[in-house]
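J.: Just dropping this structure here.
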């Protein structure tokens, strides 16, 4: 996987909750500690940040957190591609490839 790109297919949970889940092994791709960054989609910059919520989906003896970035307007089956600006600015470009049956 390219280190300057985060890509994933949107699930129905992500569509309903209006966010993109960030896989734990890819957290370092984004600014940490809730630091705001610009997420640019179709030329429109929006303020974004990595947020989290506690979860026990693996059972009550394995509590953990899920991380996400709020991103309304996505649909299950869409593929999101987030590319980090390699020039060092805390900004990211969001591209959405709509699922053919949902477009």
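The values are calculated or read from the model by the stated rules, or taken from the named source; none is laboratory data. Quick caveat: nothing in here was measured; it's all calculated off a predicted structure. Positions of Cβ are backbone-derived with ideal geometry, glycine not excepted, and every protein chain shown enters the neighbour counts.
J.: Do you know which residues across region 45-71 are farther than 26 Å from residue 84 by Cα and surrounded by 11 or more Cβ atoms within 10 Å (Cβ to Cβ)? Talk me through it step by step, then tell me what you get.
T.: Here is the first cut: in region 45-71, the ones farther than 26 Å from residue 84 by Cα are 54-64.
Those that are farther than 26 Å from residue 84 by Cα and surrounded by 11 or more Cβ atoms within 10 Å (Cβ to Cβ): 55, 63, 64.
J.: Taking the residues in region 1-27 that are surrounded by 10 or more Cβ atoms within 10 Å (Cβ to Cβ) and over 21 Å from residue 97 (Cβ atoms) as candidates, determine which candidate is modelled with the lowest pLDDT.
T.: 24
J.: Check region 51-67 and report whether any residue there is closer than 27 Å to residue 100 by Cα and in a strand (DSSP E or B).
T.: So in region 51-67, the residues closer than 27 Å to residue 100 by Cα come out as none.
No, that holds for no residue.
J.: Here's something else I'd like to know. Check region 30-41 and report whether any residue there is touching a helix residue (DSSP H, G or I) at 6+ places or on another chain (Cβ under 8 Å), on the phi < 0 side of the Ramachandran plot and surrounded by 10 or more Cβ atoms within 10 Å (Cβ to Cβ).
T.: So the first thing to find is which residues in region 30-41 are touching a helix residue (DSSP H, G or I) at 6+ places or on another chain (Cβ under 8 Å), and the list is none.
Checking region 30-41: not a single residue is touching a helix residue (DSSP H, G or I) at 6+ places or on another chain (Cβ under 8 Å), on the phi < 0 side of the Ramachandran plot and surrounded by 10 or more Cβ atoms within 10 Å (Cβ to Cβ).
J.: How many residues are in contact (Cβ under 8 Å) with a residue 12 or more places away in the chain and either within 16 Å of residue 13 (Cα to Cα) or in a loop (DSSP other than H, G, I, E, B) (or both) when one looks only at region 74-88?
T.: Kept after step one, since they are in contact (Cβ under 8 Å) with a residue 12 or more places away in the chain, are these residues of region 74-88: 74-84, 86.
Now restrict to residues that are either within 16 Å of residue 13 (Cα to Cα) or in a loop (DSSP other than H, G, I, E, B) (or both): 74-80, 86.
Total meeting the criteria: 8.
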